[in-house]
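These notes are about the structure you will find just below.
The values are calculated or read from the model by the stated rules, or taken from the named source; none is laboratory data. Since this is a predicted model, take the numbers as computed values, not measurements. Note that we place each Cβ from the backbone using ideal geometry, even for glycine, and neighbour counts take in every protein chain shown. These area figures cover heavy atoms from the full protein model, side chains too; ligands, DNA and RNA do not enter into them. Shrake-Rupley method; radii C 1.70, N 1.55, O 1.52, S 1.80 Å.
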Amino acid sequence: MLALVVPLLWSATPPAAGAAPSAATQRWHWPVDPPWRIVKPFIAPTTPYGPGHRGIDVEASAGAVVYAPAAGEVYFAGVVVDRPVLSIRHPDGLLSSFEPVVSSLVVGAAVHRGEPVGALVAGHCPATCLHVGVRLHGHYVSPLKYLWGIRHSVLLPVRPLP
């Protein structure tokens, strides 16, 4: 029996020097400065209302600058339950959300890729982290799909067991 082990700690590394950038790396900018350490990965729910982790948690210090991953406009800036949240609507049905992030931006404000949009505050993880969520046409998807963190799957031949 084979088991798939997914570590809860993952360090993102940029594409190799000289490698052609993919469409995702051309249009997305990491929302915090490196190093990018994922302290909790995306865990897709099995149903729309089922349990899961609808984003990634990236380790960062309180006060860290948060950047727009791509051009768009502020969709929401305010408090949800007890945390400040910033959401940006991007073209092609994408919506990125960041928490806990305080921002002086207002709904409808235009933002550009890599532009500072707010500051990280404590309140999501035991140690400070930035929760990054992405929805595509209303469905949660892994933010790593747009931050060049997911490699393409490769099917390998099955070898008979001895």
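Numbers below:
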quantity: Subset of the stretch 29-68 (residues that are open to solvent by less than 20 Å² (accessible area, probe 1.4 Å) and polar (S, T, N, Q)); calculated: none
quantity: Of the criteria (1) modelled with pLDDT of 95 or more; (2) over 14 Å from V32 (Cα atoms); (3) open to solvent by less than 40 Å² (accessible area, probe 1.4 Å), which one L130 fails; calculated: (2)
quantity: Residue under evaluation S87, criteria (1) of a type in the set (S, T, Y); (2) modelled with pLDDT under 95; (3) in contact with a strand residue (DSSP E or B) (Cβ under 9 Å, 6 or more places away or on another chain), criterion not met; calculated: (2)
quantity: Residue within the stretch 123-135 that is within 22 Å of P45 (Cβ to Cβ) and of a type in the set (D, E, K, R) present; calculated: yes
quantity: Residue among S96, S142 that is surrounded by 14 or more Cβ atoms within 10 Å (Cβ to Cβ), in contact with a Pro (Cβ under 6 Å, 6 or more places away or on another chain) and in contact (Cβ under 8 Å) with a residue 40 or more places away in the chain; calculated: S96
quantity: Residues (in contact with a strand residue (DSSP E or B) (Cβ under 8 Å, 6 or more places away or on another chain), in a loop (DSSP other than H, G, I, E, B) and among the aliphatic types (A, V, I, L, M)) located in the stretch 114-141; calculated: V121, A127
quantity: Residues that are in a strand (DSSP E or B) and under 19 Å from V39 (Cβ atoms), drawn from the stretch 100-113; calculated: V101
quantity: Count of residues meeting criterion [under 17 Å from the mean Cα position of the chain (by Cα) and of a type in the set (S, T, N, Q)] in the stretch 92-135; calculated: 3
quantity: In the stretch 69-99, residue farthest from S142 (Cα to Cα) [restricted to those that are in contact with a Lys or Arg (Cβ under 6 Å, 6 or more places away or on another chain) and outside any strand (DSSP E or B)]; calculated: A71
quantity: Failed criterion for G72 (all others in (1) at pLDDT 90 or above; (2) open to solvent by 70 Å² or more (accessible area, probe 1.4 Å) hold); calculated: (2)
quantity: Test: residue in the stretch 109-120 that is open to solvent by 80 Å² or more (accessible area, probe 1.4 Å), farther than 20 Å from V58 by Cβ and not polar (S, T, N, Q); calculated: yes
